[in-house]
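What follows is one structure encoded as structure tokens, with my remarks underneath.
The values are calculated or read from the model by the stated rules, or taken from the named source; none is laboratory data. As the structure is a prediction and not an experimental result, all values here were calculated from the model. Neighbour counts are summed over all protein chains in view; Cβ atoms, including those assigned to glycine, are modelled from backbone coordinates with ideal geometry.
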Amino acid sequence: MRTRNSCQTASCAVVARRKLPGLLLAGACGAAALLTLATSPLVAQQVGQIKYATYTLANGLTVVLSEDHTTPIVTVNVWYHVGSANERAHRSGFAHLFEHMMFQGSAHVQKSEHMQLVERAGGSMNGSTQEDRTNYFETLPSNRLNLGLWLEADRMRSLAINQANFENQRQTVKEERRLGVDNQPYSKAILDGFTMPFDSTTCFAYAHTVIGDMADLDSAKVEDVQAFFTLYYAPNNAVLTVVGDFDPAQARSLIQQYYGGIPKVNAPSAVSCSYGYGTGERRTAVTDNNANLPLVGYVYRAPPQRDDDTPALDLLTSVLGNGESSRLNHSLVRESRAAVVATGMERGSRESGEVVLYAIANQGVSAARVDSLLNAAVDQVRNVTITSEELAKAKNQYRSDEIRSRQTTMGVAEELQSALWYDGSLDDANADVIKHLAVTTADLQRVARKYLDPANRLVLIVNPPAKSGGAN
């Protein structure tokens, strides 16, 4: 199951949104009824084709408009093309820090007033950070479109960056890390595991975590924070998407009025990442003092989100780890009872990708036993053809997720933003459905053999402390 569009929770804490699906949501994605799916454009249209218009302001701000007059609401969604991948050594955590700093006030908005203004208007708002982007959004009654546009423009133009705000939010982020990562079972180990397949010298962008390092946060200066904002939080490094019940002429007029005068900056350097496939299996073991049971995880290097193999990898991961009837759940949880959770996900970024599979051992079961069963399940999909019924179920799950995401203005906005930034074209918001429904069982076995090779993976063993009574 893909993770790139999953950040729509009530909390702006990056860790809460990046918790592992199997640890918190095991069993939530039940198997859909098996239906035969055609791969024609007509079936894809049942998901809901997104209509949009796009243009660019003189200062470089890309604008995407998508009308939907079904309900009297509108979403204003801004993606800044900056995330942890844009950070440099010893200055990690800045992108996530700004997710918090952006709510500390601007020239015409007092500290914390942004939230109050939106809530008083009957709306909701939030922000989130990932490796390749940071987003901010408001969903409002359609007659308050002007409020959402104005709020985002004011902080793009004049965020209040000072020592007091910086210090306050630095401490907030550090506490968030303690609560959401350092003191949560498995969280730190697996978040670190996401970064381990990448060498910090050739791919620093994805070789460190989004939330940042405590030492880096402690050593940061307010001048560093100001420089980061100046470089990345500019109109020519952002995409503004408006979705819902609005008049296009009015929206264009407001956007020009609020954003047209914000100056552009020199384009930041592009992110680079160099890595290879099949360079040899790597194994690492860590002790997690918060864990009671062993965990075994496999992290496979995969291509960037825009790669032609991504739809097949997405569906393959669903066959392996999405739902009660998935391969991993059936083999490790239901049949052998060796694990209490067994799941997986495909993580696509702009310059890299990963397939992550993991299982938490049952009481009294060793990590070695879980490792053996997990490896056998992966070998089976590499060497034995996946059935047409399994593929149909995976396509149904994908299609169901897409339908749900397009039922809200926020979901449509995120689909458009993701298509443009991760896939390279707004058209992919619609084309991606057709690509997924065109995948065959032969495609699944091909990508399984290519990417789920033992020589292409990190094996992560997370052990509880010996005194906890975990398995030997």
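Can you give me the number of residues within the stretch 250-301 that are among the small types (Gly, Ala, Ser), surrounded by 15 or more Cβ atoms within 10 Å (Cβ to Cβ) and under 27 Å from Arg369 (Cβ atoms)?
Adding up the residues that qualify gives 2.
If you go through the stretch 195-202 one residue at a time, do you hit one that is at negative phi and among the aromatic types (Phe, Trp, Tyr)?
Yes, the stretch 195-202 contains a residue that is at negative phi and among the aromatic types (Phe, Trp, Tyr).
Among the candidates Ser400, Ser349, Ser372, which residue alone is more than 20 Å from Pro303 (Cα to Cα) and within 20 Å of the chain's Cα centre (by Cα)?
Ser400
Applying the selection to the stretch 291-309, what residues are out of contact with any helix residue (DSSP H, G or I) (no Cβ under 6 Å at 6 or more places or on another chain) and more than 13 Å from Ile190 (Cα to Cα)?
The answer is Leu293, Pro303, Pro304, Asp307, Asp308.
Filter the stretch 358-370 for residues that are under 19 Å from Leu191 (Cβ atoms) and either touching a helix residue (DSSP H, G or I) at 6+ places or on another chain (Cβ under 6 Å) or polar (S, T, N, Q) (or both) and give the result.
Ala359 - this is the single residue of the stretch 358-370 that is under 19 Å from Leu191 (Cβ atoms) and either touching a helix residue (DSSP H, G or I) at 6+ places or on another chain (Cβ under 6 Å) or polar (S, T, N, Q) (or both).
Considering only the stretch 177-219, how many residues are assigned to a helix (DSSP H, G or I), surrounded by fewer than 17 Cβ atoms within 10 Å (Cβ to Cβ) and among the hydrophobic types (A, V, I, L, M, F, W, C)?
Qualifying residue count for the region: 3.
Could you look through the stretch 439-469, keep only residues that are assigned to a helix (DSSP H, G or I) and touching a strand residue (DSSP E or B) at 6+ places or on another chain (Cβ under 6 Å), and pick out the one that is surrounded by the fewest Cβ atoms within 10 Å (Cβ to Cβ)?
Filtering first and then ranking leaves Asn456.
Tell me yes or no: at least one residue of the stretch 150-162 is part of a strand (DSSP E or B) and more than 29 Å from Ser352 (Cα to Cα).
yes
Go through (1) without any contact (Cβ under 8 Å) to a residue 24 or more places away in the chain; (2) out of contact with any Phe, Trp or Tyr (no Cβ under 9 Å at 6 or more places or on another chain); (3) not small (Gly, Ala, Ser) one by one and return the number of the condition Thr230 breaks.
With respect to (1) without any contact (Cβ under 8 Å) to a residue 24 or more places away in the chain; (2) out of contact with any Phe, Trp or Tyr (no Cβ under 9 Å at 6 or more places or on another chain); (3) not small (Gly, Ala, Ser), Thr230 is out only on (1).
Could you please give the count of residues in the stretch 267-301 that are free of Cβ contacts under 8 Å to residues at least 40 places away in the same chain and under 30 Å from Phe228 (Cα atoms)?
3
Are any residues in the stretch 220-232 β-branched (Val, Ile, Thr) and surrounded by fewer than 20 Cβ atoms within 10 Å (Cβ to Cβ), and if so, which ones?
Once the filter is applied, which keeps residues that are β-branched (Val, Ile, Thr) and surrounded by fewer than 20 Cβ atoms within 10 Å (Cβ to Cβ), the stretch 220-232 yields Val222, Thr230.
Does the stretch 165-176 include one or more residues that are assigned by TED's automatic domain parsing to the domain that holds His69 and not in a helix (DSSP H, G or I)?
For the stretch 165-176, residues assigned by TED's automatic domain parsing to the domain that holds His69 and not in a helix (DSSP H, G or I): absent.
Collect the residues in the stretch 310-343 that are in a strand (DSSP E or B), hydrophobic (A, V, I, L, M, F, W, C) and within 23 Å of Arg449 (Cα to Cα), keeping them in residue-number order.
Ala342, the sole residue that qualifies.
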